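**Q** One structure follows; several queries about it will come next.
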C-alpha cells in the first residue's frame, strides 16, 4: 500500500466489502458496500440520505471497512466519515457505477449522498499474516 489509489485499487479488485458503523441503538451495524472512489486524494463512498446508515455516520463518524480478495488478502480501512455535497464527486460516482446513476438519476437528487474519510488508517494483511500499514 503506497497511497489512496492503491487502497481503492485493492477494493475494486475485491468488488464487495463491508462497512461498519455504530448504530443508533449503540450496537455495531455492518452492510455491504460497492460504491467507492478515490477523488482529489480522498476516498469517497455513496449512500442515500434516507438510510439508517446516513444517520449513523451523522451521529458517530467513526467507520471501519473491510474487503477480502480471492487470494485471502484483506484490507481494513478505518476513518472518520465526513458528509460532502461535491457535485464533481457525485458525477465521478455516476461514471464509475452506472447502477448509482440508475438509482439516483441526477447528481442533485436530495437522496443521493457522498461522504469521504478523514484520519484514515489502513492495514493490508496477506494469507501468511504479513501486514502492511498506511496512514493517510
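Taken together, the values in this text are just the output of simple stated rules run on the coordinates, not laboratory data. Nothing here was measured: the structure is a model prediction, and the numbers come from that model. Using ideal geometry, Cβ is built from the backbone for each residue, glycine included, and neighbour counts are taken over all protein chains shown.
**Q** For segment 10-63, what's the relative contact order in percent, using C-alpha pairs closer than 8 Å and at least 6 residues apart?
**A** The value is 35 percent.
**Q** For an R0 of 35 angstrom, estimate the FRET efficiency from the Cβ-Cβ distance between residue 119 and residue 95 and round to the nearest 0.05.
**A** Taking R0 as 35 Å, the efficiency between residue 119 and residue 95 is 0.80.
**Q** Given a 10 angstrom Cα cut-off, can you work out which residue in 82, 31, 42 is the most mobile in a GNM of the chain?
**A** Top of the fluctuation ranking is 31.
**Q** Using only C-alpha positions, report the orientation-averaged shadow area of the convex hull of the chain, nm², one decimal.
**A** That works out to 7.9 nm², a quarter of the Cα hull's surface.
**Q** Let me ask you something else. Go ahead and set up a Gaussian network model of the chain, Cα springs under 10 Å, then flag whichever of 104, 44, 65 fluctuates most.
**A** The residue that fluctuates most here is 104.
**Q** Tell me, what is the percent relative contact order of segment 4-135, built from C-alpha pairs under 8 Å that lie six or more residues apart?
**A** That works out to 25 percent.
**Q** So how do 30, 107 line up by other beta-carbon neighbours within 10 Å, fewest first?
**A** With the fewest neighbours first, 30, 107 line up as 30, 107.
**Q** Under a plain spin-label model, where a point goes 7 Å from the Cα along Cα-to-Cβ, how far apart in nm are residue 40 and residue 13?
**A** The answer from the label model is 2.9 nm.
**Q** If I model a spin label as a point 7 Å beyond the Cα along the Cα-Cβ vector, how far apart are those points for residue 83 and residue 71 in nm?
**A** For the pair residue 83/residue 71, the computed spacing is 4.0 nm.
**Q** Where in segment 19-37 is the amide nitrogen less than 14 Å from a point lying 7 Å along the Cα-to-Cβ axis of residue 52?
**A** 20-32
**Q** Calculated from DSSP H runs of 4 or more alone, at -39500 (n - 2.57) each and per residue, what is the 222 nm mean residue ellipticity of the chain, nearest 500?
**A** Using -39500 (n - 2.57) per qualifying helix, the result is -7500 deg cm²/dmol.
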